[in-house]
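For reference, the structure discussed in these notes is given below.
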Amino acid sequence: MSDSPVSSNFKLSTQETPGMTAPLPWRVFKMDDCDWWLARTLEEARESYKHETGVDDEAVENAREVTEAELDKLTFVDTDENERQMRKSRRSFREELRQRVEFRERLKAEYGIEPKPELFASSEY
C-alpha cells in the first residue's frame, strides 16, 4: 500500500459522472431594471449583454438569474411598433422561455443554426 492519501484502486465509471458535453439549459437573466437576457450562464449573459449594448462591467454587476417564482409571475406581452398590445399575446416568462427554447432547437435541427444569447424581454424599446 502506498503512502498516498488517494487510493489508486478508486475508479469512477462514466455512469456515475454527469455528461460534460450535455448543453446547459437556457435561462433568463435580469440585467437591469428594464432588460432580461436569454443565456445559459450568468457570465455568458453579462458578456453578451455588454457586447450588444456597449455597457461596462459596472452596469451588469447586479445581473442575476430570474427565480422560478418570477418565471411564473412576470408577464411577456408582444406589442406592435406603436407599443400597442397584440391580440392574445400575454403569457408568463416561463411559457415564453419554453417557446423560445423549442424554436431554437428546431432552427438547430433543421438548419444547423447555433443559438446565441439574446434579448429576452424589455420594458423599454
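A few notes on this one:
- Taking the range 63-92 as the range and being closer than 24 Å to R46 by Cα, free of Cβ contacts under 8 Å to residues at least 12 places away in the same chain and not in a helix (DSSP H, G or I) as the test, only T67 passes.
- Unmet criterion (only one of (1) of a type outside the set (V, I, T); (2) surrounded by fewer than 13 Cβ atoms within 10 Å (Cβ to Cβ); (3) at pLDDT 95 or above) for E114: (3)
- Failed item, numbered, when F76 is tested on (1) at pLDDT 95 or above; (2) within 17 Å of the chain's Cα centre (by Cα): (1)
- Residue within the range 42-62 that is among the hydrophobic types (A, V, I, L, M, F, W, C), part of a loop (DSSP other than H, G, I, E, B) and touching a residue at least 24 places away in the same chain (Cβ under 8 Å) present: no
- Boolean, E95 is modelled with pLDDT of 85 or more and either β-branched (V, I, T) or part of a helix (DSSP H, G or I) (or both): yes
The values are calculated or read from the model by the stated rules, or taken from the named source; none is laboratory data. None of these values were measured; they are calculated from a predicted model. Using ideal geometry, Cβ is built from the backbone for each residue, glycine included, and neighbour counts are taken over all protein chains shown.
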